Structure formats: structure tokens, C-alpha cells
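Everything below concerns the one structure shown next.
The values are calculated or read from the model by the stated rules, or taken from the named source; none is laboratory data. Predicted model, so just to flag it, every value in this text is computed and none were measured. Cβ placement follows ideal geometry from the backbone for every residue including glycine, while neighbour counts extend to all protein chains displayed.
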Amino acid sequence: MSSNATHESASRVRTRKAIMDAAFTVLGQRPTASLGDIAEAAGIGRSTLHRYFPERSELIAALAEQAVETMTRAVEEAALDTGTPDQALRRVIRAYFDFSPVLMFLTGEAQVRNQVIAGVESADRPVLRLIERGQREGYFATDVPATWINRVLGWIVYAGIESVREDEAHRYTAVELVIRTFERGVLAGPA
């Protein structure tokens, strides 16, 4: 491969990454943002964006695939088997805040909803196992089904992200509120 072809390929990779990163951020914050808004955030022209994604639906499909991969990787990187269950849970809650806004947007998109939901359920299995481990080790209440705790976790994270989106709290504060609310609701009490 010639140096020119390598440079062009690297440039295409960087441009596509810039588009995807911008779409991830912009659509996570403003679900009705236009392709022009995404192109501006990526630092490219709209015509350049259209060379990579001629239709919004193609960008949404690529974004759905990336979002599920990102969630899967984030859950893996949270190292849920390391440390105590409550420590691991705090790590995964922080990780959820990085990709959840775009996942919430994508679950509202009919063309990718089922793909995203299936991907989220798959990526979330280690979190359910963490909750089950936490119950066995006495960190989480055992009189509440693990599946219920996991569902509540998802909704509390959603509430925290909405709080940030609506400028009611800064991201750090919202994360800490989610952790505090969740732990006080599901941690096992004194024996």
C-alpha cells in the first residue's frame, strides 16, 4: 500500500471516528439534533458527513452498534469481579453515565430499538451476576430479587442522566446521588 493510500485510509478512519464521537455526544444530549449539528460538532462539513453516512438511518445504525460495543466494553472495564460488590457497583454506575444518554436516545429509534435492547441485556448480564454475588456475600438485600435490583439500578441511572440533561445537577453530583440512593435502598441492613 502506498504512503498516499495509507494516509487517506488513516484520514478516513479519523473522520469517521470524529463523526461517531460527535453523534454519540450530540444525540445523547439533543435527540432531535440534525445531521448538520453533528457535522458541526465533528468539525466537518455536512457534505463530508453525507459521504460517510448518506442517510440519517445509516448513522443511527452505526451508532447503535458502537453504543452496544461501548457499553459491553465499559462493563468489562468496570472489573465487576474485583473488590467488594458495592465497590464494583459504584464503578459500573460511573461507567453507565458515559454511554447511557445515547442508549436512551437509541431505544427511542424504531429501526434499532430491538438491536439496542438485546445488546444492553447481553452487556448487562455481568451486572446481574454482580448483584447476585453481592446478595450471597451479604452486601445487597436478599429479600429482593436480583432482577428487581438490576431493574431499579437502570431506572435510577436514567433519573440521574435526566437530571444532568435538564441541568438540575452536574454529572459528578448526579452520579453520587444515584450511588447514594441505590445503596441506601438495596444494601442489606445490620444483621
For GLU65, state whether it is closer than 27 Å to VAL175 by Cα, surrounded by 14 or more Cβ atoms within 10 Å (Cβ to Cβ) and charged (D, E, K, R). yes
If you go through region 60-76 one residue at a time, do you hit one that is of a type in the set (A, V, I, L, M, F, W, C), within 30 Å of VAL152 (Cα to Cα) and either free of Cβ contacts under 8 Å to residues at least 24 places away in the same chain or not assigned by TED's automatic domain parsing to the domain that holds GLU183 (or both)? no
For region 88-122, which residues satisfy the criterion of being free of Cβ contacts under 8 Å to residues at least 60 places away in the same chain and outside any helix (DSSP H, G or I)? GLU109, ALA110, GLN111, VAL112
Sort out which residues of region 152-187 are in contact (Cβ under 8 Å) with a residue 12 or more places away in the chain, farther than 18 Å from ARG30 by Cβ and aromatic (Phe, Trp, Tyr), and write them in order of number. PHE182
Of the residues in region 36-87, those that are over 19 Å from PRO101 (Cα atoms) and not in a helix (DSSP H, G or I) number 12
In region 135-184, which residue that is more than 23 Å from the chain's Cα centre (by Cα) and assigned to a helix (DSSP H, G or I) is surrounded by the fewest Cβ atoms within 10 Å (Cβ to Cβ)? ARG184
